[in-house]
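Chemist: Structure below; questions to follow.
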Amino acid sequence: MNPTWISALDKPSNPQPQESSTERSDGTVGNAVSIVMVTYYTGPVLFEAIEAVLSQDGLYELILVDNGNPPEVVAQIERRTAKNDRLIRRSGHGNIGFAAGCNLGAKSAHAEHLFLLNPDCILPPGSLRVLLKEGIGRPRPWMLGGRLMNPDGSEQRGARREILTPWIAFVETFRIDRLASDHPYFKHFNRNASLVPTETTSVPVISGACMMLPTEDYWAFGGMDAGYFVHVEDIDFCHRFRKGGGGIFFVPHVAVLHLRSTSMTSPLFIEWHKTRGFIRYFRKNFSGIYPPLFLQLVNVGILGRFAWKAGSLLARGLFDGLVRKKRNRELLFRG
């Protein structure tokens, strides 16, 4: 089995390498990072994430793109911005989505390096300095991502991934990997189940939840595609970055706690935009490379996955509602 279109990707160009100028003559690293954090009803973890960032060596500024938060949260943010001139809030634009929010924050960035960080990510002490030193002297363009961790200490999906092709999506959607899990044509998109490398390693895709690169290179590749609302925009950006000759690296010794699902956003809303994102990604990047009928089959699988997820979420909501109703009736009769 070896259809040529499974791995038919455009070859990357080879731009003239440039060296990062972060390191000073005395060997130290300056305050060279602008962190952009896009928040929407994130919850209490937002303030823990902010404090972890503001304590970092190497930070120039934290740009908080406020897509929407309760008044009491906004008031707390404003109190912090009044006390710390490195914390900057951008607001008044409404919920424009994650990709557009990243671009909005990046337009305000003044530092040499840009770091996209989710508002539910807790950055360990010294992380910026480690990442900066990983970038020093590395041929540009480069991009670095840390290791995303669950609260139980296990590695999350997403921090290191394969190139997302329609074939990989087809294999994972229809679970064809069960036929021969070790076969190279049936590899998984996420690498978190494989052994963690001991050194910084080149990978095809990292997560937009924790992504650092030179600010100039972010814009050289057009920034995030605002046609994605939430999810898949980082996969698309890595695809363009890699095709343009950029190096993408996973830094395993920067372990970032990612709490996830802290936002009040409806899970159904998220799943729908993720579904739209995958369909957009494949149409944008693989039309003319894969057979149209195969792409349509992949889309059917993606939509089927959404229907299954939506049904599960609705059934769970109905079940929880019935349980609450039963408990209320029991309390009424006891009274």
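Chemist: Which residues, taken from the stretch 198-223, are farther than 16 Å from G158 by Cβ and not in a strand (DSSP E or B)?
Modeler: Restricting attention to the stretch 198-223, the residues satisfying the condition of being farther than 16 Å from G158 by Cβ are 198-200, 202, 213-223.
Correct list: T198, E199, T200, T215, E216, D217, Y218, W219, A220, F221, G222, G223.
Chemist: Residues in the stretch 193-211 that are without any contact (Cβ under 8 Å) to a residue 12 or more places away in the chain and either over 24 Å from H231 (Cα atoms) or within 19 Å of the chain's Cα centre (by Cα) (or both): how many? Walk me through how you get there before you give the answer.
Modeler: First pass over the stretch 193-211, keeping only residues without any contact (Cβ under 8 Å) to a residue 12 or more places away in the chain: 193-195.
Now drop any that are not either over 24 Å from H231 (Cα atoms) or within 19 Å of the chain's Cα centre (by Cα) (or both), which leaves 193, 195.
Result for the stretch 193-211: 2.
Chemist: Here's something else I'd like to know. Check whether at least one residue in the stretch 237-258 is on the phi < 0 side of the Ramachandran plot, free of Cβ contacts under 8 Å to residues at least 12 places away in the same chain, out of contact with any helix residue (DSSP H, G or I) (no Cβ under 6 Å at 6 or more places or on another chain) and not aliphatic (A, V, I, L, M), and report yes or no.
Modeler: Step one: of the stretch 237-258, the residues on the phi < 0 side of the Ramachandran plot are 237-244, 246-258.
Subset that is free of Cβ contacts under 8 Å to residues at least 12 places away in the same chain: none.
There is no residue in the stretch 237-258 that is on the phi < 0 side of the Ramachandran plot, free of Cβ contacts under 8 Å to residues at least 12 places away in the same chain, out of contact with any helix residue (DSSP H, G or I) (no Cβ under 6 Å at 6 or more places or on another chain) and not aliphatic (A, V, I, L, M).
This table checks each residue for (1) in a strand (DSSP E or B); (2) at pLDDT 95 or above; (3) more than 21 Å from the chain's Cα centre (by Cα).
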position	(1), (2), (3)
F241	no, yes, no
P252	yes, yes, no
A255	yes, yes, no
M264	no, no, no
I270	no, no, no
A310	no, no, yes
L313	no, no, yes
G317	no, no, yes
R324	no, no, yes
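Chemist: Which one is farthest from T42 (Cα to Cα), of the residues in the stretch 109-139 that are in a loop (DSSP other than H, G, I, E, B) and of a type in the set (G, A, S)?
Modeler: As a first pass, look at the stretch 109-139 and keep what is in a loop (DSSP other than H, G, I, E, B): 109-112, 118-120, 123-126, 136-139.
Adding the requirement that they be of a type in the set (G, A, S) leaves 109, 111, 126, 137.
On the way: A109: 22, A111: 26, G126: 24, G137: 36 Å.
My answer is G137.
Chemist: Can you give me the number of residues within the stretch 283-296 that are surrounded by 14 or more Cβ atoms within 10 Å (Cβ to Cβ), farther than 11 Å from H239 by Cβ and hydrophobic (A, V, I, L, M, F, W, C)? Break it down into steps so the answer makes sense when it comes.
Modeler: If we filter the stretch 283-296 for residues that are surrounded by 14 or more Cβ atoms within 10 Å (Cβ to Cβ), which is where we start, we get 284-286, 289-290, 294-295.
Add one more test, that the residue is farther than 11 Å from H239 by Cβ, and what stays is 289-290, 294-295.
Checking the rest, the ones that are also hydrophobic (A, V, I, L, M, F, W, C) come to 289, 294-295.
Summing the residues that are surrounded by 14 or more Cβ atoms within 10 Å (Cβ to Cβ), farther than 11 Å from H239 by Cβ and hydrophobic (A, V, I, L, M, F, W, C) in the stretch 283-296 gives 3.
Chemist: Given the criteria within 27 Å of H239 (Cβ to Cβ) and either surrounded by fewer than 16 Cβ atoms within 10 Å (Cβ to Cβ) or modelled with pLDDT under 50 (or both), does I35 qualify? Write out each step before concluding.
Modeler: Working: within 27 Å of H239 (Cβ to Cβ): yes; either surrounded by fewer than 16 Cβ atoms within 10 Å (Cβ to Cβ) or modelled with pLDDT under 50 (or both): no.
No; evaluated as a whole, the condition is false for this residue.
Chemist: Return the only residue of E134, E155, E172 being at pLDDT below 90, buried (at least 17 other Cβ atoms within 10 Å of the Cβ) and among the acidic types (D, E). Let's see the steps before the verdict.
Modeler: Details: E134 fails: at pLDDT below 90; E155 fails: at pLDDT below 90.
Going through E134, E155, E172 in turn, the sole match is E172.
Chemist: Starting from residues that are over 17 Å from the mean Cα position of the chain (by Cα) and not in a loop (DSSP other than H, G, I, E, B), keep the ones in the stretch 183-192 and report whichever is surrounded by the fewest Cβ atoms within 10 Å (Cβ to Cβ). Full working, then the answer.
Modeler: Looking only at the stretch 183-192, we keep the residues that are over 17 Å from the mean Cα position of the chain (by Cα), and these are 183-188.
Filter once more, keeping what is not in a loop (DSSP other than H, G, I, E, B): 184-186.
Details: P184: 7, Y185: 15, F186: 18.
So the residue we want is P184.
Chemist: Right, here's the next one. When you check S108 against the structure, is it closer than 23 Å to M224 by Cβ, in contact with an Asp or Glu (Cβ under 6 Å, 6 or more places away or on another chain) and not aliphatic (A, V, I, L, M), yes or no? It would help to see each step written out before you state the result.
Modeler: Working: closer than 23 Å to M224 by Cβ: yes; in contact with an Asp or Glu (Cβ under 6 Å, 6 or more places away or on another chain): no; not aliphatic (A, V, I, L, M): yes.
Spelling it out, it is not the case that S108 is closer than 23 Å to M224 by Cβ, in contact with an Asp or Glu (Cβ under 6 Å, 6 or more places away or on another chain) and not aliphatic (A, V, I, L, M).
Chemist: I've got another one for you. I'd like the full set of residues that are assigned to a helix (DSSP H, G or I) and not β-branched (V, I, T), limited to the stretch 42-60. Lay out the reasoning, then the answer.
Modeler: So the first thing to find is which residues in the stretch 42-60 are assigned to a helix (DSSP H, G or I), and the list is 45-54.
Those that are assigned to a helix (DSSP H, G or I) and not β-branched (V, I, T): L46, F47, E48, A49, E51, A52, L54.
The values are calculated or read from the model by the stated rules, or taken from the named source; none is laboratory data. It should be emphasised that the depicted structure is a prediction, and the values quoted were computed from it without experimental measurement. Cβ atoms come from the backbone with ideal geometry, glycine included; neighbour counts cover every protein chain shown.
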